Structures are given as C-alpha cells and as structure tokens.
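Shown next, in structure tokens, is the structure this report addresses.
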Amino acid sequence: MLDRIIEKVVGNARLSRDEVLTLAREADIHVLGRLALARRSELHGQNAYFVYNQHLNYTNICQNACRFCAFSRRVGDEDAYTLTVDEAAERVRSRGEEPIREIHIVGGLNPELPYQYYLDLVSAVKQARPTASVKAFTAVEVAFLAQRGGISPRQVLRDLQAAGLDALPGGGAEVFSPALRAKLCPEKVSGEKWLEIHELAHELGIRSNATMLFGHIETWDDRLDHLLALRDLQDRTDGFMCFIPLPYQPRHNDLQAKGPDGLDILRMLAVSRIVLDNVRHLKAYWVMTGIKAAQMGLWYGADDLDGTIVEERIGHAAGAETPKGMTRDQIMEVISQAGFIPVERTSHFEPTSPDVSA
Ligand code: V47
Ligand code: SF4
C-alpha cells in the first residue's frame, strides 16, 4: 500500500485523503523528505527565498481569549498597548535606511479602535514606505471589522485595498476543525469564514498566505482536513502564495500542550509540500521552528524562511527562543550554510532586482 502511494507521489499524481493519511502516519521520515525535496527542487531548484520585512503589531488588546495565545491582553492590563497611527508610521520611518520590502501588520481584536483607524494605519504605513508591500490583517481581523461596523467583508477588503493594502497574511487559520476550534479558540470566527474571506480577497486580486497551527492537541486527521480545504480553495482561486505550518509554542499560555519536536516539524513540512501541489511556496517560519529546524526544513520541502522581521512579538510572547530578528547577512548565511542559494524576494515572491535592494 505504502509503496503504491510513494510511486504515485513520484509520478506527481494527486493523492486521495486516505492515501495522504497513510503516507503521513507511516512513511519513514527520510522517505517523506526525499519525496518533498524532489517536489521542491522541481519548483525552485536550490533557491531558498527570504524577504527584508518588518513586523508591526499595532495593539495587543484583544477581546478574544484563544487558549494558545500568549500575546493578547485586556484593556487596563499593565502591559496592554495600542500604537497610534503616527507611532506606527514612525516605527516604519525610523528604519528609513533599510531596504524593507514588506510591512507585516497584525494585532488583537481591539474593540476600542474605530474602523477609520485601520484604513489610516494602512495608508500612513504605505506613505511612510511607498516601496514596501503592506501585508496586513488576518481574515479574523477582517471579519471583526465587518461584524462590528455592519459592513460586508468584501467592502472591508475593498476599503483596505483602496487605502493601500497589498496582501493578506495567513494568520488566524489555526486548525479548521470545528470541534478543535471549540477547544482552542471558541470566540474566533469559523474555519469556513476564514476560507470565505480569503476567497473574497482572491476575487478582488488580493493575494494571501495560509497558516496552520500544529503540534498541540490536533491529530493527523485534523491536519489533513485543513490542508485539503486549502487545496480545494486554491484549485478555485489560485490566490494563495504560500503555506506556513506554525509550530505551537508552549510557554505562557493556557493550552498546556507540549509543542512539536523537530521530527514532527519536518514531517509536517514534507507532507504539506506533497499535499499542497497547487501552492507554490512553503515557509519554514524560522521564528517558531527555530533556526536549525528551518535549515533542515529546506531539505524537507520548504523553500522560504520568511524574513528579517526586526521585532517579532507573537511567537516570543509564547516562549520562542529565537532572536527577534535577523539581518539580511545573517539570514543569507543561514540559508547558505544549509546548502541552498539565498534569493531575496518581494512580498509577492518575486526575486528582487539588485538595484532596488542595494
Ligand atoms: O494567527 C498564536 C499563531 C499567528 C501561538 O502570512 C501561535 O506570511 C504558535 O500568522 N504558538 C501569527 N503560533 C503568525 C502568522 C504569520 C507569521 C509569519 C508570516 C505569516 C505570513 C504569518 O501565530 C496567529 C496564530 O495562528 N499563534 N499563538 C503560539 N503559542
Ligand atoms: Fe486575540 Fe489573535 Fe491572540 Fe486569539 S490569537 S487571543 S484573536 S490576538
């Protein structure tokens, strides 16, 4: 049975759900790695991509209380914060000398912020850094804005797009299974809603990424349902640029699960590469995998390490032990040391031209 499935992967045939389940559970990690590496090499050769980016978390105040989250705070908490639009734009301007290509903006669901704040934030950041893409607001934030303002999610996306939004990040997907969501993040919008908002974005020409939070209480069945739902949507829209499996970080949050070990991270990456045959890029997010597993991940199907980031907060609030950012030289060194060719890219995964990045 396993041999036949492996032959199918080698022949680039799409696997059924049962076949993927067997492969994911039973195949030797080296076999999975070889299969994923072959796919990755067909798509990207020895290239491994990264982006010169900056993360901006505009507020940590959130009305939800996801059990895995160590980032969110309540109004009045000592370390709760919200950046004004000017403060956010200043953070972007303050890195004026650096060739930043992407500003990644996400935050909590802060009921005190008016709709206009989000539009102003996007346009102020865009103005502060016109050469960077603004990749902002998860589908969860878009749903929150729509619901609170009594506006359709499509209109929210249109308004954000008019303000300068270039892409949607992949966060908030967690695991789509309703039963798991009830345990992990009961207040969060459903997986269906998350998918619907990405579909709307794709229809409007806004490309996006997708994530999955793994290594906590989910099973392979849950993981595969999630991957296959993404694969189905991608068949219809072709709007996803990249998939990012996010290893659960176990500290300072209520979930009290263990988190995946290195082999599970590699297995997850390899299976993702094999299943998501229609999503071009697979990210080993070094902040959460750790730098060493990210390097290994490049041999297990990943082709992207995300970026320089500057100041990561969400994974670090939950105990990530990686640095909060890397310089361009450092990330290039990490890729070269792993045996790949570092290729700097834009937010939309196009290689950067040397004259702009110099
Ligand atoms: O939405 C929260 C997750 C996400 C924990 O689109 C946790 O390019 C692990 O989505 N352990 C934010 N994960 C990060 C994210 C992301 C990161 C980098 C690039 C992109 C992209 C997206 O982090 C949240 C949530 O799913 N998260 N808590 C935790 N304890
Ligand atoms: Fe809020 Fe997002 Fe944290 Fe959930 S994961 S509590 S929605 S900030």
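The values are calculated or read from the model by the stated rules, or taken from the named source; none is laboratory data. Worth saying up front: this structure is predicted, and the values here are computed from it rather than measured. Neighbour counts are summed over all protein chains in view; Cβ atoms, including those assigned to glycine, are modelled from backbone coordinates with ideal geometry.
Restricted to region 143-176, and to residues that are of a type in the set (A, V, I, L, M, F, W, C) and under 16 Å from the mean Cα position of the chain (by Cα), which residue is nearest to GLY215 (Cα to Cα)? Give the steps one after another, and end with the answer.
Initial filter on region 143-176 (of a type in the set (A, V, I, L, M, F, W, C)): 143-146, 151, 156-157, 160, 162-163, 165, 167-168, 173, 175-176.
So of that shortlist, the ones also under 16 Å from the mean Cα position of the chain (by Cα) come out as 167-168, 173, 175-176.
Working: ALA167: 27, LEU168: 24, ALA173: 14, VAL175: 11, PHE176: 14 Å.
Across region 143-176, the extreme among qualifying residues is VAL175.
Could you grab me the full set of residues in region 204-239 that are among the aromatic types (Phe, Trp, Tyr) and away from ligand 1 (no atom under 12 Å from the Cβ)?
If we filter region 204-239 for residues that are among the aromatic types (Phe, Trp, Tyr), which is where we start, we get 214, 220.
Answer for region 204-239, where residues must be among the aromatic types (Phe, Trp, Tyr) and away from ligand 1 (no atom under 12 Å from the Cβ): just TRP220.
One line per residue, one yes/no per condition, for (1) free of Cβ contacts under 8 Å to residues at least 60 places away in the same chain; (2) buried (at least 18 other Cβ atoms within 10 Å of the Cβ):
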| site | (1), (2) |
| --- | --- |
| LEU145 | yes, yes |
| ALA179 | yes, no |
| LYS188 | no, yes |
| THR219 | yes, no |
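Search region 55-81 for residues being charged (D, E, K, R) and assigned to a loop (DSSP other than H, G, I, E, B), and hand back the single one that is farthest from ligand 1 (Cβ to nearest atom). Walk me through it before giving the result.
First, pick out the residues of region 55-81 that are charged (D, E, K, R): 67, 73-74, 77-79.
Applying the additional criterion that residues be assigned to a loop (DSSP other than H, G, I, E, B) yields 67, 74, 77-79.
Details: ARG67: 9, ARG74: 17, ASP77: 17, GLU78: 20, ASP79: 16 Å.
The selected residue is GLU78.
Within region 142-155, which residues are over 17 Å from ARG207 (Cβ atoms), at pLDDT 95 or above and in contact with a helix residue (DSSP H, G or I) (Cβ under 8 Å, 6 or more places away or on another chain)?
Hits for region 142-155 are ALA143, LEU145, ALA146, ILE151, SER152, GLN155.
Quickly run through region 149-188 and pick out the residues that are more than 26 Å from ASP306 (Cα to Cα) and assigned to a loop (DSSP other than H, G, I, E, B).
GLY150, ILE151, SER152, SER177, PRO186, GLU187 - these are the residues of region 149-188 that are more than 26 Å from ASP306 (Cα to Cα) and assigned to a loop (DSSP other than H, G, I, E, B).
PHE71 versus (1) over 25 Å from THR308 (Cβ atoms); (2) of a type outside the set (Val, Ile, Thr); (3) within 16 Å of ligand 2 (Cβ to nearest atom): which is the lone unmet condition?
Result: PHE71 passes all but (1).
This table checks each residue for (1) without any contact (Cβ under 8 Å) to a residue 24 or more places away in the chain; (2) closer than 26 Å to PRO153 by Cα; (3) among the basic types (Lys, Arg).
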residue: TYR49; (1), (2), (3): no, no, no
residue: ILE61; (1), (2), (3): no, yes, no
residue: CYS69; (1), (2), (3): no, yes, no
residue: ASP77; (1), (2), (3): yes, no, no
residue: ALA89; (1), (2), (3): no, yes, no
residue: ARG95; (1), (2), (3): no, no, yes
residue: HIS104; (1), (2), (3): no, yes, no
residue: TYR118; (1), (2), (3): no, yes, no
residue: ARG129; (1), (2), (3): no, no, yes
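Tell me which of these ARG273 doesn't satisfy, since it passes every other one: (1) more than 16 Å from ligand 2 (Cβ to nearest atom); (2) not in a helix (DSSP H, G or I).
The number of the failed condition is (2).
Considering only region 92-103, state which residues are away from ligand 1 (no atom under 15 Å from the Cβ), not in a loop (DSSP other than H, G, I, E, B) and not β-branched (Val, Ile, Thr).
Of the residues in region 92-103, the ones away from ligand 1 (no atom under 15 Å from the Cβ) are 92-99.
Checking the rest, the ones that are also not in a loop (DSSP other than H, G, I, E, B) come to 92-93.
Once the filter is applied, which keeps residues that are away from ligand 1 (no atom under 15 Å from the Cβ), not in a loop (DSSP other than H, G, I, E, B) and not β-branched (Val, Ile, Thr), region 92-103 yields only ARG93.
Could you please give the count of residues in region 104-148 that are in a helix (DSSP H, G or I) and more than 12 Å from ligand 2 (Cβ to nearest atom)?
From region 104-148, those in a helix (DSSP H, G or I) are 115-128, 139-148; that's our starting set.
Of the ones still in play, those that are also more than 12 Å from ligand 2 (Cβ to nearest atom) are 115-128, 142, 145-148.
Number of matching residues: 19.
Check MET332 against each of (1) in a helix (DSSP H, G or I); (2) hydrophobic (A, V, I, L, M, F, W, C); (3) closer than 30 Å to VAL31 by Cβ and name the one condition it does not meet.
Failed condition: (3).
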